[in-house]
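Quick notes on the structure that follows.
The values are calculated or read from the model by the stated rules, or taken from the named source; none is laboratory data. Being a predicted model, the structure only gives us computed values, none of them experimental. Here Cβ is always computed from backbone atoms with ideal geometry, including for glycine, and neighbour counts include all displayed protein chains. Heads up: the accessible areas ignore ligands, DNA and RNA and are worked out on the full protein's heavy atoms, side chains in. Shrake-Rupley method; radii C 1.70, N 1.55, O 1.52, S 1.80 Å.
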Amino acid sequence: MLCQPVPRASEILPPIEEGQGNHAFAVAAAGVLHDLGNLIQIASSALNIVARTPEMPESRRDPILHRARTSLDHAGTIVRQSVMRARDTAALPPRCDIANCLADIATLIVAREDAGLTLDIAIEPGLPDIACDSIELRRAILNLVLNARDAMGGKGSVRIDAHAVAGSVDLRVGDRGSGMPPAVLAHAFDPFFTTKRDGLGGIGLPMVERFVRGAGGSISIESEPGVGTVVTLRLPALPQETRS
């Protein structure tokens with residue numbers, strides 16, 4: 001089954017209508033906290049690995065600590081971006097190299113303690129840069145990868161592929177997990193909607209959708225119970241001649 005959000009004008013944040021300001025702020029704040037939590041968990045996992053193995057050789061310890069620092073650096077960037085947006089500070093036009101972005105995601109996933117989780121990444125050669133913020137794209141992909149992990153019970157391979165499509169780049173994240181029935185898929189982009197027993201969820205996909213809309217792109221989900229889920233982000237490409 002295919003799920004696509006109702007098309008809306010491109011925007012960084014959803015419109016705050018009268019009487020809905022507190023709710024919109026809560027959704028935005030929850031999204032930032034959600035993503036910070038993911039990054040802090042990755043850093044914590046890396047540090048725990050080092051702490052449990054004090055005799056670990058330096059050649060193995062240093063890359064793990066580097067991954068922890070990378071995760072915390074991303075967290076710091078999210079905080080700085082949030083402050084800049086609150087101040088409405090002008091920024092340079094965004095651009096992102098997908099290959100570099102996915103390499104960072106692979107580094108972050110390796111830093112986790114998910115021994116049964118692997119990434120299968122396929123990138124079409126010569127892809128153009130895309131017109132979006134690189135940190136925001138990393139946040140979106142990390143959310144999708146962790147959702148896929150949960151759907152597979154923490155074990156399995158997450159497939160990520162990227163290819164050019166007529167002035168855009170399609171980036172797909174797929175898993176062979178539990179999948180979503182139509183009733184759940186219909187609410188996939190609803191803030192705070194979750195099927196998790198602890199009630200902690202319902203933030204990742206809405207934040208991914210908002211990022212994609214803000215970048216002028218589109219998002220769709222194909223999912224079938226017992227088969228798996230594929231989320232496709234279509235993001236605008238920059239002309240090849242503008243690459244630095």
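Annotations for the structure displayed:
- The lone exception for Q41 - which of (1) modelled with pLDDT under 70; (2) in a helix (DSSP H, G or I); (3) polar (S, T, N, Q) it fails: (1)
- The stretch 180-202, subset hydrophobic (A, V, I, L, M, F, W, C) and open to solvent by 50 Å² or more (accessible area, probe 1.4 Å), residue modelled with the lowest pLDDT: L200
- Some residue of the stretch 214-222 being farther than 24 Å from D133 by Cα, in contact with a helix residue (DSSP H, G or I) (Cβ under 7 Å, 6 or more places away or on another chain) and either in a strand (DSSP E or B) or modelled with pLDDT of 90 or more (or both): no
- Among all positions in the stretch 114-133, there is at least one residue which is at pLDDT below 75 and open to solvent by 30 Å² or more (accessible area, probe 1.4 Å).
- Sub-6 Å Cβ pairs linking a first residue in the stretch 44-66 that is farther than 15 Å from I109 by Cβ to a second residue that is open to solvent by 50 Å² or more (accessible area, probe 1.4 Å) and in a helix (DSSP H, G or I), at least 6 apart or interchain, are V50/R61, ordered by first then second residue.
- Just one of the listed residues (P93, P57) is at pLDDT 80 or above, more than 22 Å from S220 (Cβ to Cβ), open to solvent by 30 Å² or more (accessible area, probe 1.4 Å) and not β-branched (V, I, T), namely P57.
- The conditions of being closer than 30 Å to G179 by Cα, at pLDDT below 75 and either basic (K, R) or not in a loop (DSSP other than H, G, I, E, B) (or both) are met by A26.
- Test: residue in the stretch 203-224 that is without any contact (Cβ under 8 Å) to a residue 60 or more places away in the chain and either within 15 Å of the chain's Cα centre (by Cα) or surrounded by fewer than 22 Cβ atoms within 10 Å (Cβ to Cβ) (or both): no
Okay, residues lined up against (1) free of Cβ contacts under 8 Å to residues at least 40 places away in the same chain; (2) more than 17 Å from D120 (Cα to Cα); (3) out of contact with any helix residue (DSSP H, G or I) (no Cβ under 7 Å at 6 or more places or on another chain); (4) surrounded by 21 or more Cβ atoms within 10 Å (Cβ to Cβ):
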site: L142; (1), (2), (3), (4): no, no, no, yes
site: A151; (1), (2), (3), (4): no, no, yes, no
site: G156; (1), (2), (3), (4): no, no, yes, no
site: D161; (1), (2), (3), (4): no, no, yes, no
site: A164; (1), (2), (3), (4): no, yes, yes, no
site: G167; (1), (2), (3), (4): no, yes, yes, no
site: D170; (1), (2), (3), (4): no, no, yes, no
site: G174; (1), (2), (3), (4): no, no, yes, no
site: S178; (1), (2), (3), (4): no, yes, no, no
